[in-house]
1. With +1 on each Lys and Arg Cβ and -1 on each Asp and Glu Cβ, and nothing else charged, work out how big the dipole of the chain is about its Cα centre, in Debye to the nearest 20.
2. Go through (i) 46, 36, 30; (ii) 54, 46, 34; (iii) 62, 42, 38 and flag the label whose value is the computed Cα extents along the principal axes in Å for this structure.
3. For region 134-196, what is Rg from Cα atoms divided by 2.2 N^0.38 Å, rounded to two decimals?
4. Across the chain, where is the longest run that never hits GluC sites (Glu not before Pro) in a DSSP loop with at most 13 other C-beta atoms within 10 Å?
5. When only DSSP loop residues count, what trypsin sites (Lys or Arg not before Pro) in region 6-107 have their Cβ near at most 16 other Cβ atoms within 10 Å?
6. Pairs Lys69/Lys123; Lys11/Lys36; Lys36/Lys88; Lys69/Lys187; Lys88/Lys118: which exceed 24 Å Cα-Cα?
7. Regarding region 1-91, what is the average projected area of its C-alpha convex hull, in nm²?
8. With point charges of +1 on the Cβ of Lys and Arg and -1 on the Cβ of Asp and Glu, referenced to the Cα centre of the chain, which listed residue (Ile122, Gly94, Val60) lies farthest in the positive direction of the dipole?
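Just so you know, all these numbers are worked out from the coordinates, no wet-lab data involved. Since we're looking at a predicted model, the values are computed, not measured. So basically every Cβ, Gly included, is an ideal-geometry build from the backbone, and we count neighbours across all protein chains shown.
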Amino acid sequence: MFTGLIEEIGKIRAIKPLGGAMRITVSADNVLEDIKVDDSVALNGVCQTVIAHTADSFDVEAVEETIRKTTFASFRVGMNLNLERAAKLGDRLGGHLVQGHVDCPGRLINIRNESTGKLLTIKIPAEFAGLIVPRGSICINGISLTISDCETDMFTVAVIPHTWKMTTLAEARTGSEVNLEFDIIGKYVQRLNDPYIKNAQTKTGGSGLDKYITQPL
């Protein structure tokens, strides 16, 4: 479990293909302070298991399923990554509950500068639209952010200067793909309501929110 508060920016030192998978060596500093084999580290928001480490790097193996559902296929040697170690029980939860289980990539379609911060608009696959709500939490490349506005297939987040400076967001460009993890609470609520939504749609032939739930959970 993570919080979405990035500890440092690491750099990909090496990538070794393993059939359809890959072994990734990451140069780092802070996250190596107490690292052990089998520890979890989030790379751009993706939970990975440390399989080896040295004084200045650690290795993970990303399997085919991870590569299919994340931006890992675009990883290149020299690329910077947002890094976060797993949270400890008893620590302050400065962001929100993040599993490191990416749901899908999104595409950055607009960056708007404001007097201090920036507004980023990201397009998502339509099937995930029900998991975004105004003022809700979202994890973007491992960063816990708050949704300021949303439409059917896109949402906007506000980024403060400190977050822009201390993460890889400053390297993002219009058209860039980012890893997205939607709020785990929203995902469970949606899953629990699925039978009632489908039942209501079958009976009424409609899809409005007022027709979704036909009986209490």
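1. Dipole about the Cα centre, nearest 20: 480 debye.
2. Read-out taken from this structure: (iii).
3. 1.28
4. Value returned for the longest uninterrupted segment is 115-217.
5. Lys36, Arg76, Lys88, Arg92
6. Lys88/Lys118
7. 5.5 nm²
8. Ile122
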